[in-house]
Amino acid sequence: MSTEVVATAAISAEQPQSPSAPTQQNTVTKVNLLGMSRPQLEKFFEDIGEKKFRAGQVMKWIHQFFVTDFAEMTNISGKLREKLDKLCEIKAPEVVHKNYSKDGTRKWVFRVGEGDGSLVETVLIPAEHRSGLRRTLCISSQVGCALDCSFCSTGKQGFQRDLTPDEIIGQLWVANYSYMEDVPVADRERSVTNVVMMGMGEPLLNYDAVLSSMRIMLDDFAYGMSKRRVTLSTSGVVPKIDQLVKDIDVALAISLHAPNDELRNELVPINKKYPLEQLIAACQRYIAKDGNESSRKHVTIEYVMLDGVNDHPEHAQQMIKLLKNLPSKINLIPFNPFPHAPYGRSSRNRIISFQKTLSDAGFVCTIRQTRGDDIDAACGQLVGQVADRTRRAEQWKKKVAQQNEIMRSQG
């Protein structure tokens with residue numbers, strides 16, 4: 001919303017029309033404060049004739065006490081609360097479905113956009129940790145995904161659009177609030193300990209909105225998260241990795257999934273544009289920042305284990321060679337099948353053998369525990385409902401139907 005519109009709306013809020021004035025329909029859309037960073041909020045308050053320190057006060061109410069009603073913001077004057085109520089709203093995306101797994105995993109389905117809109121999914125995974133209970137939230141950044149990785153169900157839904165900052169940070173807001181709906185405002189505490197930008201979509205292709213959202217996550221007036229506990233996962237958009245170095249200090253994860261270009265071109269098509277040599281070099285540049293407080297001490301390598309595809313001993317040896325000069329931690333992910341997926345999950349023995357080869361070579365290598373698969377919340381299972389502008393979902397369904405017909409004809 002422009003400064004002029006905000007200022008006009010503010011004047012209208014403070015100076016109602018006289019009874020004799022012609023009635024005009026109010027066309028001013030309320031400003032959603034949920035996705036605004038502190039600098040943006042400070043400018044907003046100055047634009048409506050208020051002191052910019054109000055931004056910090058309001059941010060705390062929104063992101064630390066999870067208040068959406070301005071009337072409850074008790075350290076703000078009544079006059080300002082009335083003004084904010086007329087001009088603004090604090091609105092997370094609509095939750096149309098939620099499901100809590102028996103293992104503690106929680107999944108939400110959000111409707112975004114007008115009318116029926118599209119659906120995106122968010123997952124929270126709890127885990128015991130030496131520092132206490134860890135709650136990691138996997139956040140979506142796009143409606144669908146434009147990259148079409150061959151093993152990912154999200155990619156088969158096609159792509160509609162980028163999510164806005166309020167739609168991104170709203171996922172974190174809802175996840176936190178889910179633990180304190182019945183808790184008095186004064187006793188509320190943030191519950192999510194870690195965030196991974198690893199849900200639906202490629203975060204670096206929605207750069208500005210994702211960057212703004214992560215800044216809110218790190219802001220002490222909002223969620224105050226440690227930069228080591230905010231991770232951005234990318235399939236390898238090399239120029240944006242280099243830009244990220246300049247803009248923010250968060251942990252970086254790479255969706256690798258193949259140790260050579262030929263196989264990765266098949267599994268992760270963006271590799272054709274940014275092959276492994278370029279990707280590894282970008283990762284090395286990313287962690288080159290000096291300072292003990294940097295979160296860039298290593299890169300997390302995500303590697304989904306596909307039966308007979310990328311899980312052979314020679315693939316492990318290729319991984320060792322590829323990553324030998326890149327400080328990294330490797331996370332092996334058992335593949336989570338989806339309907340008509342062209343792959344199967346590697347056997348437990350094959351995964352353990354792969355892990356041992358990497359560990360013996362000196363890498364920290366873990367096997368991700370599958371969580372939330374009873375509610376389709378495991379890695380690679382975030383599907384949603386996308387108003388697909390790429391027609392990829394239609395093409396995928398047609399291809400599956402053709403394959404099924406061939407199988408039936410072969411009897």
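Considering only DSSP beta bridges where both residues belong to region 94-397, give the percentage that are antiparallel (nearest 5). Each step should come with its number before you reach the end.
Values: 25 of 50 bridges.
Beta bridges within region 94-397, antiparallel portion: roughly 50 percent.
So for the pair residue 71, residue 186, with labels modelled 7 Å out along Cα→Cβ, what separation do we get in nm?
2.0
If you scale each eigenvalue of the Cα gyration tensor by 5 and take the root, what three semi-axes come out for region 94-397, rounded to whole angstrom and sorted largest first?
28, 23, 20
With a cut-off of 8 Å between alpha carbons and a minimum separation of six or more residues, what is the relative contact order of region 100-200 in percent? Could the numbers behind the result be given before it?
Details: 158 pairs, mean separation 28.1, N = 101.
With pairs under 8 Å counted, the relative contact order is 28 percent.
Would you compute, for the Cα atoms of region 140-282, the largest minus smallest coordinate along each principal axis and list the three values in descending order, in whole Å?
Computed over region 140-282, the largest-to-smallest principal extents equal 56, 32, 23 Å.
Could you name the lysines whose alpha carbon sits less than 24 Å from that of residue 43, not counting residues in the same chain fewer than 8 places away?
Answer for residue 43, where 24 Å is the Cα cut-off: 30, 51, 52, 60, 79, 83, 86, 91, 246, listed by chain and number.
Could you work out how much longer the chain between residue 349 and residue 89 gets when fully extended? Use 0.36 nm per residue separation minus the Cα distance between them, nm to one decimal.
On the way: separation 260, 0.36 × 260 = 93.60 nm, distance 5.31 nm.
Length gained, residue 349 through residue 89: 88.3 nm.
Where a number appears in this text, it was derived from the coordinates with a stated rule and is not lab data. Just so we're clear, the structure is a prediction, and the values are computed from it rather than from any experiment. Note: ideal-geometry Cβ built from the backbone for every residue, glycine included; neighbour counts use all protein chains shown.
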